[in-house]
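The values are calculated or read from the model by the stated rules, or taken from the named source; none is laboratory data. Bear in mind that the values here come from a model prediction, so they are computed numbers and not experimental data. No Cβ is skipped: glycine too gets one built from the backbone with ideal geometry, and neighbour counts run over all protein chains shown. Accessible surface areas use protein heavy atoms only, side chains included; no ligands, DNA or RNA. Shrake-Rupley method; radii C 1.70, N 1.55, O 1.52, S 1.80 Å.
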Amino acid sequence: MKTEKKTSVLPERGPVDEKGREILLSLKNVDIRFGKGNSSAKVVKNVSFDIYRGETFSLVGESGSGKTTIGRAIIRVNPCSAGEIQYKGVRISGKINQALERQVIRNIQMVFQDPSASLNERATVDYIVSEGLHNFHLYKDEADRVRKVEHIIEEVGLLPEHLTRYPHEFSGGQRQRIGLARAMVMEPELVIADEPISALDVSIRAQVLNLMKKFQQERGLTYLFIAHDLSIVRFISDRIGVIYKGNIVEIAEAEELFDFPMHPYTRSLISAVPIPDPVLERDKVLLTYDPAIHDYTADQPRLEDIGGGHFVFGNEQELAQYRTLRAKGELPQWRSAESADAENEEIPAKRTGRPGRRGWRMLRRALLALAGILGVCVGLFLIFLLLAVI
Amino acid sequence: MEDRNVILSVKDLYVKFRVRGRELTAIRGISLDLYEHESVAIVGESGSGKSVFTKTFAGMLERNGYLAGGSIEFEGKDLTKIRRAKEWSQIRGSKIATVFQDPMTSLNPILTIGKQITSVILRHQNCSEGEARVRALAMMKKVGIPHAEARFDDYPFQYSGGMRQRIVIAIALSCQPKILICDEPTTALDVTIQAQILKLIKDLQKEFGYSIVFITHDLGVVANIADRVAVLYAGQIVELGTTEELFYDPRHPYTWALLSSLPQLAQRNAKLYSIAGTPPSLYSEITGDAFAPRNPYALKIDTLKEPPMFQITPTHFARTWLLDPRAPRVEKPEGIQNIHEKMMNSLHVSGGQVREN
Amino acid sequence: MTKYLVSRVLRGLLSVIIVVGVVMVLIYSCLDRNLIFANDPVFSKHKSNAQEVYKMQQWEYYGYVDYVPYADFMQQLVSSGEITQPEFDAAIKFGNRAQQDSPAAAEYVRRFSEGYEAEGYTVVRLEGKTRGNTNKYLDGGEPRLYAYRDVPLLSRLWNYLTGLIRVDNIHAVQGDVGKRGLTFTLYDPAYGGEKFSPAIMGNGTVHKYLLYFDDRFPYLHQNLVTISLGKSYSVNKGIDVYHTMTDSQGARDMTMITYPSGNVEMSADDIHTAVYVAGSLAEGDAVVKRNFVDDYTSVTTRKMGLSKLGYSFVIGIISVLLAYALAIPLGILMALKKDKLPDKLGTVYIVFVMAVPSLAYIFLFKAIGEHLGLPTTFDMESPTWLMYVLPVISLALPSVANLMKWLRRYMIDQMNADYVKFARAGGLSESGIFRSHVLKNAIIPIVHGIPASVLGVLVGAIITERVYVVPGAGNLLTRAINFYDNGVIVGVTLFYAVVSVVSVILGDVLMSIMDPRISFTSKEG
């Protein structure tokens, strides 16, 4: 089927790490900034991780943590402001040549959270699914295209007659299948799934996840799974990275992460997931993470392996503690924060005084503006008058 | 449970909608008693009628929906008899309050937080504007808004999602309602914020003594907040019981299916359990058990006659023919037997997550 | 907020300049410049060589070319002292053909041609055209010699923009005007010097009155800073577009006025507009000599009617007010009674206005109005308030439809908003929800359009004004285009561009006042 693979700019295989695993995607010290100049904000800070071929790597974090931004940076939607992203050892971030860019677009596909928002409402399913094929001429002739599209649409559990319909005629779960078909028809090697099941009902979730699993087993796909809910991630991921405010705070294999969560944020995240068991849930202790417990004034934190591919973000002293505890199979003492209850939300330092009645304020402002304009006019007139005499 | 007073009593409720000339039966004979100080979770897929059910006693039914039968008794009054919007507006907010799913859209973006709280207080309580402000500030502090005075005149966009949901709760509780309806209030929030909001709702329940009707599709949230659970399927309660009964001794095949699809019970690298088929169309008359077409344990009678509500314990009911004495004995699927032990194993009861007392 | 506004204003200015530049490029390089004479009666009076010279003179006047006739060149040599008057006299006359030039003339013609050609001018020698074999020239057939050069567009644009605003100065006029300076007076001599009316007058300035009061809105006027949008060619020949738009029209407004000479008589002259014209007193007729004491003799006349802009504004503003007054309650009604009779009637009306061409229903209104006995044309000689009725209605009704449509849409969106449901769940009364939630939120986008509709009336309504013969500003651009009056086209374009930029900025400011989410300030405060 891969007849159209002409002269590839990318190698067939990526580099291999010391354990013999092939590194498909690698982020190296990636920073991503939004905005320009003084108002810019670093939303992703010095992020590094590898994704191995054939695995499911999950990135877990709250909204605004930067997890989606990373996904978008990989498909070259968001530019990196520092560091680089490598795909099979080839840099794909920043300025790259067009041939490579096309390969990247083809090989890395994305599945989005909201299936209704990510599908073109005015296009038929046939068009949506075959758009990528068109763009990359991944078919020999029309018959070949039809065959490919029909094949994939059956693979995702829909029927060929669905191809002539429009997205709004489908349920949420079916739309996500269409989204999946659109990605899979490109025969990608890496699929970035950005919260693909968050908008779906519980029973539909399982169907979509099973489908993704099926594709992985059949095609040796690699997934980058972006999620905010640890409960599902745990059972579908090989490795999990936890991201907090743009920093990766912990990366480990799924079971390792749940058995020995070292970073306090990971632990708070795990403890927040409600357990579907009334007794366990009742006795559960909710841990609230307070970033103030870290003292990073003297020693800058970094992400380091504490053994067995378990990476934790911390300074020298914390990392040393994590290492010894992990060797003993223990967990760190929970350091609770002072203000354990409320969200720590920045209170704006400057208040705009007692605002009083908005109507009055507006009137006052309008009058002031009028007076200002009048003043400027009079002033200008006087200046010109002065100029006139000179 | 018997020693508690019933605060809201729904009897054989039917709700229908007119949709483009067709009639849709959203609620098909629901009966439910809500006790004081308890929290009932309502679980079901989308389209099962969870939200519609709560809207009937909040007087929030859409214009094209109407009550086609049954009664809702609240404080000696039958709510189904209310015709005038004014009567409803005296109950809504003051006696029965609602918290919606999305805190981002539940607040008017161009009114200050303070104004939105005080307007509800002024509406239902006979007090001056200054007094309303004092009460609103007290409420803001109760729901855990730091620097409430400073943030009183802020606009919703200056609040984070979690803080907004706290404000929404403050508004809902500002008139000490008897019933708090929570319509998936944490679905749109991050898990850490969700945990805080759930805790807040439970803590304030101890103080204010309201009853909670909690709509959710997340069984974890159910385990967290509910005393009793009602499982809805196609506009009917198919199983009702205490939370423990429902998790540890479920009787309805649909409940079994819901529990089976919990990812926490899944085997790594095995297929996740999923319920086959789709819910029935509510436009047409349903004969027999609505779940029968998707039910691997369906009996012949399921396709012919609607099962009655069988009582298992004084608090536990299920609507399935499997409970009929004449039915063959069917055990619940292996996957959800000993669910507590399985959960403990699956979570290793370590990981900082669970600590045994 | 101020910082943001300043940057918005600057960007607005830049876009205005770009628009004017684009229009200039279009009309000055793409249009045949001979077209400006299409409706010029003077042009057709000139014949033969004289016509060519007339063209050159006009083109220079309107900034197309830099035109130098041979005589000017010679005159300059005299005034610079290079040649003497006798030499000038000998060389100024050149022959019908180059061969017939006298030696002196030939020498200076050569110098003229070489000098200007070196500077990139085109030198043109039009041979004399005589009647038969006689020495008598045909009408306008005298030989001509001149040089001309196209003014580059960029420098045209620059000249135009720098000439837009003129600030008067006591050294502005040349010649002997006596002691230059400003006079401040509390008793304006124009009112006989008895009435208390402060004024600032200048000597040596272009305008005599720099600041004065009179009985016309806005009562306080100034001439220190004047705006010139460009001269009209055919529409209002030689008059600046700004004046074309703002000067009063109609019958002369006669009042008792005191001339500078102290002569008091009934006249429509507006003494306050007196402009310096060199030598005008000496060359003037008896009336001028009787009334004026200096060369500030050029005055405009006061007329009874409003200016073009004034009529457009009055009609426009009434119709805008009417439109909002009708559309807001009607739009609200439609939204509240969605899918019921009022909504359906309203929709029919909206569809009618949208679907039927405006010309059609304007004529329909006209016919109905005529039937009711309303004046259908604008008669400036015998003005009545009734003549405003039809234009106002014709302008208001379509905007009512438009406003209704949007308000209904916004209101329905708001009524389905989650926070309206939440407010209802909080037990707020329907009227309370409507007032504080639905209406307030729905009105914000409507508010954004208010400055645009208010300022937009200045632009005038082309079709309506034409149908009802309103002497408004709306026809100015179409007339200018029809008559190839490029100066007016540029001037009006500039005016329109400024109006749109200002209304967008004002709309945004209003919106930021209404909607707390929109803030012009940076994060700090």
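Could you go through region B:231-253 and let me know if any residue there is over 23 Å from B:Gly93 (Cβ atoms), assigned to a loop (DSSP other than H, G, I, E, B) and within 11 Å of another protein chain (Cβ to nearest Cβ). The answer is no; no qualifying residue exists.
Here's the yes/no breakdown for (1) open to solvent by 40 Å² or more (accessible area, probe 1.4 Å); (2) touching a helix residue (DSSP H, G or I) at 6+ places or on another chain (Cβ under 6 Å); (3) assigned to a helix (DSSP H, G or I); (4) farther than 30 Å from B:His124 by Cα:
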| site | (1), (2), (3), (4) |
| --- | --- |
| C:Leu386 | yes, no, yes, yes |
| C:Gln414 | no, yes, yes, no |
| C:Lys421 | yes, no, yes, no |
| C:Gly432 | no, no, yes, no |
| C:Ile450 | yes, no, yes, yes |
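For region A:205-263, the tally of residues that are more than 22 Å from A:Lys42 (Cα to Cα) and open to solvent by 30 Å² or more (accessible area, probe 1.4 Å) stands at 15.
Considering region C:222-245, and only residues there that are open to solvent by less than 50 Å² (accessible area, probe 1.4 Å) and farther than 23 Å from C:Tyr484 by Cβ, the residue that is nearest to the chain's Cα centre (by Cα) turns out to be C:Thr226.
Taken as a whole, the condition of being within 14 Å of chain C (Cβ to nearest Cβ) and in contact with a Lys or Arg (Cβ under 7 Å, 6 or more places away or on another chain) applies to B:Thr118. Only one of the listed residues (A:Arg358, A:Arg351, A:Arg365) is of a type in the set (Lys, Arg), in contact with a Pro (Cβ under 9 Å, 6 or more places away or on another chain) and at pLDDT below 85. That residue is A:Arg358.
Cβ-Cβ contacts under 6 Å between residues 6 or more apart (or on different chains), taken from a first residue in region C:30-45 that is within 9 Å of C:Tyr484 (Cβ to Cβ) to a second residue that is in a helix (DSSP H, G or I), are listed as C:Phe37/C:Phe43. For residues that are touching a strand residue (DSSP E or B) at 6+ places or on another chain (Cβ under 9 Å) and in a helix (DSSP H, G or I), tally how many sit in region A:71-99. Of the residues in region A:71-99, 4 are touching a strand residue (DSSP E or B) at 6+ places or on another chain (Cβ under 9 Å) and in a helix (DSSP H, G or I). Here C:Asp72 qualifies as acidic (Asp, Glu), open to solvent by 60 Å² or more (accessible area, probe 1.4 Å) and without any contact (Cβ under 8 Å) to a residue 24 or more places away in the chain.
When the residues of region C:161-180 are filtered to those that are of a type outside the set (Asp, Glu) and in contact with a helix residue (DSSP H, G or I) (Cβ under 7 Å, 6 or more places away or on another chain), the one that is surrounded by the most Cβ atoms within 10 Å (Cβ to Cβ) is C:Ile170. For region C:309-324, the criterion of being hydrophobic (A, V, I, L, M, F, W, C), surrounded by fewer than 17 Cβ atoms within 10 Å (Cβ to Cβ) and within 31 Å of the chain's Cα centre (by Cα) is met by at least one residue. Residue count for region B:175-203 under the criterion of being touching a Ser or Thr at 6+ places or on another chain (Cβ under 9 Å) and assigned to a helix (DSSP H, G or I): the result is 10.
For region B:135-150, a tally of residues being under 12 Å from B:Ile113 (Cα atoms) and away from chain C (no Cβ under 14 Å) returns 6. Name the single residue that is nearest to C:Lys421 (Cα to Cα) among those in region C:458-486 being open to solvent by less than 20 Å² (accessible area, probe 1.4 Å) and in a helix (DSSP H, G or I). Per the stated criteria, the residue is C:Thr464.
C:Ala278 fulfils the conditions (1) within 21 Å of the chain's Cα centre (by Cα); (2) surrounded by fewer than 17 Cβ atoms within 10 Å (Cβ to Cβ); (3) assigned to a loop (DSSP other than H, G, I, E, B); (4) not acidic (Asp, Glu) except for a single criterion, (1).
Regarding B:Lys55, is this residue open to solvent by 30 Å² or more (accessible area, probe 1.4 Å) and either touching a helix residue (DSSP H, G or I) at 6+ places or on another chain (Cβ under 8 Å) or not acidic (Asp, Glu) (or both)? In short, yes. Flag set for A:Asp295, criterion: open to solvent by 50 Å² or more (accessible area, probe 1.4 Å), of a type outside the set (Phe, Trp, Tyr) and more than 7 Å from chain B (Cβ to nearest Cβ).
Determine whether region B:297-317 contains at least one residue that is in contact (Cβ under 8 Å) with a residue 40 or more places away in the chain, at the interface with chain A (Cβ under 9 Å from one of its Cβ atoms) and open to solvent by 40 Å² or more (accessible area, probe 1.4 Å). No - not one qualifying residue is present in region B:297-317. Restrict the check to region B:82-93 and report whether at least one residue is modelled with pLDDT under 90, at the interface with another protein chain (Cβ under 9 Å from one of its Cβ atoms), closer than 20 Å to B:Glu184 by Cα and part of a loop (DSSP other than H, G, I, E, B). Yes, that holds for at least one residue.
May I ask you to list the residues in region C:291-346 that are among the basic types (Lys, Arg), closer than 25 Å to C:Pro398 by Cα and not in a helix (DSSP H, G or I)? Residues satisfying the conditions are C:Lys337, C:Lys338, C:Lys340. If only residues of region B:204-222 that are assigned to a helix (DSSP H, G or I) and at the interface with chain A (Cβ under 10 Å from one of its Cβ atoms) are counted, the one that is farthest from the chain's Cα centre (by Cα) is B:Gly220. Remark: pairs (first residue in region B:94-110, more than 7 Å from chain C (Cβ to nearest Cβ) and closer than 22 Å to B:Phe57 by Cα; second residue in a loop (DSSP other than H, G, I, E, B) and open to solvent by 10 Å² or more (accessible area, probe 1.4 Å); Cβ separation under 6 Å; 6+ apart in sequence or on different chains) = B:Lys95/B:Lys178; B:Gln101/B:Glu184; B:Gln101/B:Thr187; B:Gln101/B:Ala188.
A count restricted to region C:2-26 and to residues that are at pLDDT below 85 and open to solvent by less than 70 Å² (accessible area, probe 1.4 Å) stands at 1. Restricted to region B:184-198, and to residues there that are more than 17 Å from A:Leu287 (Cβ to Cβ) and open to solvent by less than 10 Å² (accessible area, probe 1.4 Å), the residue that is nearest to the other protein chains (Cβ to nearest Cβ) is B:Thr186. If the condition is being more than 25 Å from A:Thr324 (Cα to Cα) and among the acidic types (Asp, Glu), then region A:255-287 contributes A:Asp277, A:Glu281, A:Asp283.
If you go through region B:321-350 and pick out every residue that is within 14 Å of another protein chain (Cβ to nearest Cβ) and open to solvent by 70 Å² or more (accessible area, probe 1.4 Å), you end up with 4.
Considering B:Ile169, B:Ile201, B:Ile181, the condition of being more than 10 Å from chain A (Cβ to nearest Cβ) and closer than 29 Å to A:Val242 by Cα is satisfied by B:Ile201 alone. Out of (1) open to solvent by 10 Å² or more (accessible area, probe 1.4 Å); (2) assigned to a helix (DSSP H, G or I); (3) within 19 Å of B:Asp203 (Cβ to Cβ), what's the single condition that is false for B:Ala172? Here B:Ala172 meets the rest and fails (1).
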